[in-house]
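Visitor: I have a structure here, written as structure tokens, and I will follow up with some questions on it.
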Amino acid sequence: METVLSIEDLHKEYSGGWRKPPRTALAGLNLVVPRGKTIGLLGPNGAGKTTTLKCIMGLIRPQAGKIDLFGGEVTGAGVRKSIGFLPEQPYFDLYLTPRKLLAYYGRLSGMHEADIAARTAFLLNLVGMGEEADLSMDKYSKGMLQRIGLAQALISQPEFLVLDEPSSGLDPLGKLQVRDLLLGLKGGGTTILLSSHQLSEIEEICDGVAIIHKGANIASGGLDELLRPREEYEISLEKSPPPAAVELPASASWADPAQTRLLVNKGELNEALRSLLERGALVAEVRQRRMTLEEYFVEQVGSEGWEVGE
Amino acid sequence: MGGRGVRAIGTFAWSVVQDALHRKVFYAILAFTVVLILFTPLIPSADVGVQIDLMREAALGLTSIMAFLLAVILGATIIPGELGRRTLYNTLSKSVRRWQYYLGKYAGIVLVVATSLVLTFVVLILFVLIRFGVFNPGLAKALFAILLEAAILVSVAMLASVYFSPLIGILLTGLFYVACHVKGDFLYRGMTGAGQNPVVKAISGLFYYLLPNLERFNINETIAHGERVFEVGAVELLLLFAIAATFSAIFLYIGGYLFNRRDL
């Protein structure tokens, strides 16, 4: 499979300052991003996610290891024309208007003026900022700046997008828009590497994840292969039986206070179903439960230091 | 350097000009200088002939201070400011090289200082003409020398700002300015003085030969007094330009090299 990014044994240590020990940010990180795939980078705070992204963009120099982008060198400026980068909580010179800002980044990306104008108009509409294109950004909310950040990352029509917390600071509607936008880009064949605390976002958008912990990739793969099915079933009810009327198997437990979803082990599924039906319940759906990304993550990393996004 | 490189440098330079035009400190320094220039005739003097010389000298002195303040403040704050605001990440993730950014920002600051000097020159020449009835385009020579000195200061301030905070950068550039102005006298005496401590001699000698003599760029007095004693010709101005270009290039090279290696 063709890879857009391949990282081998990446090491990075930050000096701790005067009389302080150095801090290890990356300790032999490996990562592969295949072409056309969307990979989520997960990890607790301080795991090395942002350092990894900065190394990819040539903003930080690793002490050891190899970063291979499109088969070229990471420090080469030319290769960055094919990459769009959104840093965490992007900030801009606020006296500029979005149109002028995108024109500035377009010029830096080596685009022609005519292409810049057309691309700017397209992107501002794409991120829902078309009407604010000529207003200075000093009154913008964090969410609006985030959207402009996404637009600047897309200015050169990159093949590969590197996004650090793309939904950070966005309201629920904004998050939905970003999700749709990323799904659209993914559908168009753009390769995406995104670091996020939003597990639901990762689950919905990504084809695979890489879990970073203490500077190393401790687990990675496709979501389908990582989030294995459990030996547990969920029975959804359209009509619940009267409370306390049902004798349930030992492994069964209600998943909600309204008693519309029952969890039961595989071995006792038939017994639970029989008991429910005999007491007049209407079964809507029976499905095997899959491990959630959150459960998988906690299993890999432990709950220590982990902040799950809303 | 290809056309794309030149375009990137030009884009960075123009962004500095735009940024400066949105900074209050730029207008404050410019307005303060112009107001002070307009007040220079209040300097007490015995007769009219002396008054115009004194006025021109004071005005050029004020213009120097303005240019150096702009050079040092902009030079020492531009990189730490962009790093602090994280705008640098967006910029350097585009297909540009760090040295293009560094050189572009330098060119932009020099352009801002040059623009300020042109504006001050217009005020100055009109003021001298209206107040004393003398058309004095020769003042441009002094302003050119001020610009060259400011260009060196920008390169030093930017070099300091690669690793230091704006405040430390401003202080270091201030120290550089003072050392380069006293080198002909203070450092020379330290280097050659009889009975001087050998360590002091060695350090004085090192800095004497390493640092540029910025006092050469101070032709304000000569110009203010109408070049009656010494005329500043094209050769002298070219020499000043060569000195400024050489030292600026050295400091830009060191700064660019360090900036290229720095983690952001």
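The values are calculated or read from the model by the stated rules, or taken from the named source; none is laboratory data. Please read these numbers as outputs of a predicted model, since none were measured by experiment. Every residue, glycine as well, gets a Cβ built from its backbone with ideal geometry; the counts of neighbours run over all protein chains shown. Each accessible area value is taken on the protein alone, full model and side chains, heavy atoms only, with ligands, DNA and RNA left out. Shrake-Rupley method; radii C 1.70, N 1.55, O 1.52, S 1.80 Å.
Visitor: In deg cm²/dmol and to the nearest 500, what is the mean residue ellipticity at 222 nm of chain B if only DSSP H runs of at least 4 residues count, each as -39500 (n - 2.57), divided by the residue total?
Guide: For chain B, the value works out to -26500 deg cm²/dmol.
Visitor: Continuing with this model, one more query. May I ask you to work out the translational diffusion coefficient for segment A:229-290 at 20 °C, viscosity 1.002 mPa s, via Stokes-Einstein with Rh from the Kirkwood sum over Cα pairs, reported in whole µm²/s?
Guide: 189
Visitor: Let me ask something else. Before we go on, tell me the buried accessible area for the A/B pair, both chains summed, 1.4 Å probe, in Å² to the nearest 100.
Guide: Counting protein atoms only, the buried area is about 2800 Å².
Visitor: When the chain is fully extended, how far beyond the present Cα-Cα distance does A:Lys139 get from A:Leu173, taking 0.36 nm per residue of separation?
Guide: Gain on extension, A:Lys139 to A:Leu173, equals 10.3 nm.
Visitor: Using the Karplus equation 6.51 cos²θ - 1.76 cosθ + 1.60 (θ = phi - 60°), what ³J(HN,Hα) coupling, rounded to whole Hz, does each residue of segment A:194-202 give in order, writing x for Gly and Pro?
Guide: Once θ is set to phi - 60°, the couplings for segment A:194-202 become 10, 9, 7, 9, 7, 5, 5, 4, 4 Hz.
Visitor: Could you give me the ³J(HN,Hα) list for segment B:31-39, computed from phi with Karplus coefficients 6.51, -1.76, 1.60 and θ = phi - 60°, whole Hz, x at Gly and Pro?
Guide: 5, 4, 5, 4, 4, 5, 4, 5, 8
Visitor: Set Lys and Arg Cβ to +1 and Asp and Glu Cβ to -1, take the dipole of segment A:3-225 about its Cα centre, and tell me which of A:Ala27, A:Ala117, A:His213 lies farthest positive.
Guide: The residue sitting most towards the positive pole is A:Ala27.
Visitor: Tell me, what is the 1.4 Å probe accessible area of B:Ile250, in Å² to the nearest 10?
Guide: 80
Visitor: Could you order A:Val209, B:Val50 so the one with the most accessible surface comes first? Probe is 1.4 Å.
Guide: Sorted descending by solvent-accessible area, the residues read B:Val50, A:Val209.
Visitor: Quote to one decimal, in nm, the extra length available between B:Leu38 and B:Leu175 on full extension: 0.36 nm per residue of separation minus the C-alpha distance between them.
Guide: Extra length available between B:Leu38 and B:Leu175 comes to 46.3 nm.
Visitor: Calculated from DSSP H runs of 4 or more alone, at -39500 (n - 2.57) each and per residue, what is the 222 nm mean residue ellipticity of chain A, nearest 500?
Guide: One gets -8500 deg cm²/dmol as the mean residue ellipticity at 222 nm.
Visitor: Then there's this: Any idea what the relative contact order of segment B:93-173 is, in percent, if you count C-alpha pairs under 8 Å spaced at least 6 apart?
Guide: This gives 27 percent for segment B:93-173.
Visitor: So what is the diffusion coefficient of segment B:198-239 in µm² per second by Stokes-Einstein at 25 °C and 0.890 mPa s, using a Kirkwood Rh over Cα pairs?
Guide: 195
Visitor: Using a 1.4 Å probe over the heavy atoms of the protein chains, calculate the carbon and sulfur portion of the accessible area of chain A as a whole percent.
Guide: It is 49 percent, rounded to a whole number.
Visitor: While we're on this one: Please work out how many pairs of lysine residues in chain B are eight or more positions apart (or on different chains) and have Cα atoms closer than 28 angstrom.
Guide: Eligible lysine pairs with Cα atoms under 28 Å apart amount to 5.
Visitor: Could you report the protein assembly as shown's accessible area per residue, 1.4 Å probe, as an integer in Å²?
Guide: About 46 Å² of surface per residue is accessible.
Visitor: May I pose another question? In straight Cα distance, which lysines are under 30 Å from A:Lys20, not counting same-chain residues fewer than 8 positions off?
Guide: Candidates past the 8-residue exclusion: A:Lys12, A:Lys49, A:Lys54, A:Lys66, A:Lys214.
Visitor: Now a separate question. Note the direction-averaged projected area, equal to a quarter of the hull surface, for the Cα convex hull of segment A:26-111, in nm².
Guide: That works out to 7.2 nm², a quarter of the Cα hull's surface.
Visitor: Also, quick follow-up: Which order do you get for B:Trp99, A:Trp254, B:Trp14 if you rank them by accessible area with a 1.4 Å probe, largest at the top?
Guide: The most accessible residue leads, giving B:Trp14, B:Trp99, A:Trp254.
Visitor: Using only Cα atoms, find the angle between the long axis of helix A:142-153 and the longest principal axis of chain A, and express it within 0 to 90 degrees, rounded to the nearest 10.
Guide: 60
Visitor: Angle, helix B:166-182 long axis vs. longest principal axis of chain B, Cα atoms, 0 to 90°, nearest 10?
Guide: Rounded to the nearest ten degrees, it is 50.
Visitor: OK, next. Which of rounded, prolate or oblate describes segment B:123-264 when judged by the alpha-carbon gyration tensor and an a/c cut-off of 1.5?
Guide: oblate
Visitor: Would you please state the base-10 log of I(q)/I(0) at q = 0.07, 0.11, 0.14, 0.16 1/Å for chain B, with intensities from the Debye formula using one equal scatterer on every alpha carbon?
Guide: The computed values of log10 I(q)/I(0) come out as -0.28, -0.68, -1.01, -1.21.
Visitor: Once you put a point 7 Å from the Cα of B:Tyr188 and another 7 Å from the Cα of B:Glu231, both along the Cβ direction, what distance in nm separates them?
Guide: Label at B:Tyr188, label at B:Glu231, 2.6 nm between them.
Visitor: Over its Cα atoms, what ratio of radius of gyration to 2.2 N^0.38 Å does chain A give?
Guide: 1.21
Visitor: How high is the FRET efficiency between A:Thr3 and A:Glu231 when r is their beta carbon distance and R₀ equals 41 Å, given to the nearest 0.05?
Guide: The value I calculate is 0.70.
Visitor: Which percent of the accessible area of segment B:3-261 is formed by carbon and sulfur heavy atoms (probe 1.4 angstrom)?
Guide: Carbon and sulfur together cover 73 percent of it.
Visitor: Which FRET efficiency, nearest 0.05, do B:Arg262 and B:Ser165 yield, Cβ-Cβ r, R0 22 Å?
Guide: FRET efficiency, B:Arg262 to B:Ser165: 0.95.
Visitor: Shifting gears a bit: Mind pulling up the Rg/Rh value for the protein assembly as shown? Radius of gyration and Kirkwood radius, both on Cα.
Guide: The Rg/Rh ratio comes out at 1.15.
Visitor: Continuing with the same structure: Can you tell me how segment A:194-260 classifies by the Cα gyration tensor, rounded, prolate or oblate, using a/c under 1.5 as the rounded cut?
Guide: prolate
Visitor: Throw me the Rg/Rh for segment B:187-264, computed over C-alpha atoms with Kirkwood Rh, two decimals.
Guide: 1.14
Visitor: Using only protein heavy atoms and a 1.4 Å probe, report how much of A:Thr120 is accessible, in Å² to the nearest 10.
Guide: Probe radius 1.4 Å; accessible area of A:Thr120 about 0 Å².
Visitor: May I have the pair-distance distribution P(r) for segment A:98-205, computed from all Cα-Cα distances with 10 Å bins from 0 and rounded to whole percent?
Guide: Pair shares across the bins are 14, 47, 33, 6.
Visitor: Right, next: What nm distance separates the two modelled labels at A:Glu159 and B:Leu119, each placed 7 Å from Cα along Cα→Cβ?
Guide: Modelled inter-label distance: 4.7 nm.
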